[in-house]
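Inspection log for the structure reproduced underneath, given as structure tokens.
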Amino acid sequence: MRMSQFTFLRRACAACVLACLALAPGLAQAQQKIGFVNPQRVVNETRLGQMAKADLARYVAEKERLAKESAAQVALLRKEADSVALSAAERARREEAYKRKSRLHEALLQENARDIKAEEGKLLQYVMRRADSVLEDIGKKGGYAIIITDPAAVGYVDKANADLTDRVVRDLDSRGK
């Protein structure tokens, strides 16, 4: 399943659950609450998230190193193809090598961008999977029927009453000790 389809399904499910809660006045709404957690803040503000971001930074640095090496090879081939001391046949051969390497370089850049985006998604999932037990504890102890972790599924959040991010950050860090 593609990530965009998964995101759409998550949003649709969250909207359905919220609609069901709003339409079911017989439920103990006074006892049940809805909370919200900003996953990006959990990643940015926890020790676990910082370690994961450091791993991602090393991954990105390696991808950038490979891209720079490839760019240097392309530049060298371009310089060789532009050399005036070459015969027409040799110039054509080097020009073709330059074009082939340029295409490979562009493909490498696109692949790197896709890989980095995928790794960022994995980072967020990794941290939020670790936060699941914290969310469950907060939900059970605090009487939360739902704790939403998808910022796009929420139009408005009363930060004073519904945003649990600070508590999740604090609890997740305390479990990591």
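Here are a few things to note about the model shown:
- Which listed residue is assigned to a loop (DSSP other than H, G, I, E, B) and either of a type in the set (A, V, I, L, M, F, W, C) or at pLDDT 55 or above (or both), from Q50, Q31, Q40: Q31
- Matching residues, the stretch 53-100, being acidic (D, E), assigned to a helix (DSSP H, G or I) and without any contact (Cβ under 8 Å) to a residue 60 or more places away in the chain: E62, E64, E69, E80, E90, E95, E96
- Hits in the stretch 108-142 (condition: in contact (Cβ under 8 Å) with a residue 24 or more places away in the chain and more than 23 Å from L48 (Cα to Cα)): L108, L109, N112, G142
- In the stretch 137-177, the residues that are part of a loop (DSSP other than H, G, I, E, B), within 18 Å of T46 (Cβ to Cβ) and of a type outside the set (S, T, Y): L164, G176, K177
- Check on Y126, of a type in the set (F, W, Y), under 17 Å from the mean Cα position of the chain (by Cα), assigned to a helix (DSSP H, G or I) and modelled with pLDDT of 90 or more: yes
- In the condition set (1) outside any helix (DSSP H, G or I); (2) at pLDDT 95 or above; (3) of a type in the set (A, V, I, L, M), A107 is compliant with all but (1).
- For beta carbons closer than 6 Å, sequence separation of 6+ or different chains, a first residue in the stretch 143-171 that is farther than 15 Å from A131 by Cβ and a second that is of a type in the set (S, T, N, Q), the qualifying pairs are G143/Q31; A145/Q32.
Matching residues to (1) over 18 Å from E120 (Cβ atoms); (2) touching a helix residue (DSSP H, G or I) at 6+ places or on another chain (Cβ under 8 Å); (3) among the small types (G, A, S); (4) surrounded by 14 or more Cβ atoms within 10 Å (Cβ to Cβ):
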| position | (1), (2), (3), (4) |
| --- | --- |
| A57 | no, no, yes, no |
| A61 | no, no, yes, no |
| S70 | yes, yes, yes, yes |
| A88 | yes, no, yes, no |
| E96 | yes, no, no, no |
| R100 | yes, no, no, no |
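The values are calculated or read from the model by the stated rules, or taken from the named source; none is laboratory data. Quantities reported herein were computed from a predicted structural model and do not represent experimental measurements. In this analysis, Cβ positions are derived from the backbone assuming ideal geometry, glycine residues included, and neighbour counts consider all displayed protein chains.
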